[in-house]
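Visitor: Pasting in a structure now, in structure tokens, and then I'll have a few things to ask.
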Amino acid sequence: MTKSLFLEDSYQKEAAAKVVSVKDGKFVVLDQTIFYAKGGGQPHDTGKIIRGSEVFTVVFVGKFEGEISHEVDCAGLQPGDVVHCVLDWERRYRMMRSHTAAHVLAALLNKGTGALITGNQLEVDHVRFDFNLETFDKALLETYLAKANALFSTDVPVKWYELPREEALKIPGVVKMAAAFPPDLPSLRIVEIVSVDMQADGGTHVRNLKEIGKVELHKTENKGKNNRRIYFRLV
Ligand SMILES: [Zn+2]
């Protein structure tokens, strides 16, 4: 099983690794990785796998049969190769900022209106957000964005840690997307935005809300009677 370095340190930009297996020339499994695999509403990372003077560009990272597979742009890597991995940090850091912003907005909306988040998808330039709310008021949404932005200018730490499953499930609202968790996990990874939100989550986040900067509403859509969709982005 590949060691997921990003779960402990989302700020690690480079790492050594060893190639464990290669499928069809271009699908590479490493013994440890800094690359996030697409999933949980967060896109995959991109970057480079370097062997000596040769550079293999990582174009996609997915999880297949429990293994993190890195798709590279050209064949050549072999099992046993010692490589150096480098993240496209600019892309990842935007994901960390917008992902953490999404937690804050979801928590504020839920606390203030009782709305439940039914889906969210991070993209490189925006975040899409679906929630249940009967009355849809753009001015009201703007007040929540303003509240979120106010929090982003204060010093609020973000922590992540493992908790035994039983203990984790006692935290109110900790599993916001219940279907995302296989029932046999003995422990859950908790992402805690101190005094704002706690949830079980395998994504990458910033360590302090101050790093987010500011977000703005991009557009809104009605998707059925109670289903609202908003798009927001980092300013
Ligand atoms: Zn998250």
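Visitor: Between Arg97, Arg92, which is of a type in the set (D, E, K, R), within 15 Å of the ligand (Cβ to nearest atom) and closer than 19 Å to Ala200 by Cα?
Guide: Arg97
Visitor: So, one more: Just to check your reading of the model, which residue among Leu145, Leu140 is away from the ligand (no atom under 16 Å from the Cβ), assigned to a helix (DSSP H, G or I) and either modelled with pLDDT under 90 or at positive phi (or both)?
Guide: None of the other options fit; the residue is Leu140.
Visitor: Here is a list: Leu169, Leu122. Which entry is surrounded by 12 or more Cβ atoms within 10 Å (Cβ to Cβ) and closer than 28 Å to Lys223 by Cβ?
Guide: Working: Leu169 fails: closer than 28 Å to Lys223 by Cβ.
Every option except Leu122 fails the conditions.
Let's see how each residue does on (1) without any contact (Cβ under 8 Å) to a residue 40 or more places away in the chain; (2) farther than 30 Å from Ala148 by Cα; (3) surrounded by 16 or more Cβ atoms within 10 Å (Cβ to Cβ):
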position: Leu7; (1), (2), (3): no, no, no
position: Lys13; (1), (2), (3): no, no, no
position: Val20; (1), (2), (3): no, yes, yes
position: Ile34; (1), (2), (3): no, no, yes
position: Gly66; (1), (2), (3): no, yes, no
position: Cys74; (1), (2), (3): no, yes, no
position: Val83; (1), (2), (3): no, yes, yes
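Visitor: Search the stretch 99-110 for residues that are within 10 Å of Asp197 (Cα to Cα) and pair each with any residue that is within 12 Å of the ligand (Cβ to nearest atom) and at pLDDT below 95 when their beta-carbon atoms are under 6 Å apart and the residues are at least 6 apart or on different chains.
Guide: His103/Asp197; Ala106/Ile117; Ala107/Asp197
Visitor: If a residue has to be outside any loop (DSSP other than H, G, I, E, B) and of a type outside the set (S, T, N, Q) to count, how many in the stretch 201-235 make the cut?
Guide: Residues flagged as outside any loop (DSSP other than H, G, I, E, B) and of a type outside the set (S, T, N, Q) within the stretch 201-235 amount to 16.
Visitor: Is it the case, given these coordinates, that Glu134 is away from the ligand (no atom under 16 Å from the Cβ), part of a loop (DSSP other than H, G, I, E, B) and loosely packed, with under 14 Cβ neighbours inside 10 Å?
Guide: Yes: the conditions hold for Glu134.
Visitor: If Gly173 meets every condition in (1) touching a Leu at 6+ places or on another chain (Cβ under 8 Å); (2) at positive phi apart from one, which number is that one?
Guide: Condition (1) is where Gly173 drops out.
Visitor: Given (1) of a type outside the set (Lys, Arg); (2) under 27 Å from Arg207 (Cα atoms); (3) more than 16 Å from the ligand (Cβ to nearest atom); (4) not in a loop (DSSP other than H, G, I, E, B), where does Leu7 come up short, assuming only one miss?
Guide: (3)
Visitor: Would you be able to tell me the number of residues in the stretch 215-234 that are surrounded by fewer than 15 Cβ atoms within 10 Å (Cβ to Cβ) and either within 11 Å of Leu145 (Cα to Cα) or touching a Phe, Trp or Tyr at 6+ places or on another chain (Cβ under 6 Å) (or both)?
Guide: Residues meeting the conditions: 4.
Visitor: Read through the list (1) touching a Gly at 6+ places or on another chain (Cβ under 7 Å); (2) modelled with pLDDT under 95; (3) surrounded by fewer than 19 Cβ atoms within 10 Å (Cβ to Cβ); (4) not β-branched (Val, Ile, Thr), then give the number of the only condition that Glu54 fails.
Guide: Among (1) touching a Gly at 6+ places or on another chain (Cβ under 7 Å); (2) modelled with pLDDT under 95; (3) surrounded by fewer than 19 Cβ atoms within 10 Å (Cβ to Cβ); (4) not β-branched (Val, Ile, Thr), the lone unmet condition for Glu54 is (2).
Visitor: Related question: Can you tell me which condition Thr143 does not meet? The list is (1) under 19 Å from the mean Cα position of the chain (by Cα); (2) under 15 Å from Val104 (Cα atoms); (3) not hydrophobic (A, V, I, L, M, F, W, C), and all the others hold.
Guide: (1)
Visitor: Could you please let me know if Arg128 is farther than 18 Å from His103 by Cβ and of a type in the set (Lys, Arg)?
Guide: So Arg128 fails the test.
Visitor: For the stretch 110-130, check the following and say yes or no: at least one residue is within 15 Å of the ligand (Cβ to nearest atom), at pLDDT below 95 and part of a helix (DSSP H, G or I).
Guide: The answer is yes; a qualifying residue exists.
Visitor: Right, here's the next one. Just give me the residues in the stretch 199-229 being away from the ligand (no atom under 16 Å from the Cβ) and modelled with pLDDT of 95 or more, in sequence order.
Guide: Once the filter is applied, which keeps residues that are away from the ligand (no atom under 16 Å from the Cβ) and modelled with pLDDT of 95 or more, the stretch 199-229 yields Lys210, Gly213, Lys214, Glu216.
The values are calculated or read from the model by the stated rules, or taken from the named source; none is laboratory data. All values derive from a computational prediction rather than experimental measurement. In this analysis, Cβ positions are derived from the backbone assuming ideal geometry, glycine residues included, and neighbour counts consider all displayed protein chains.
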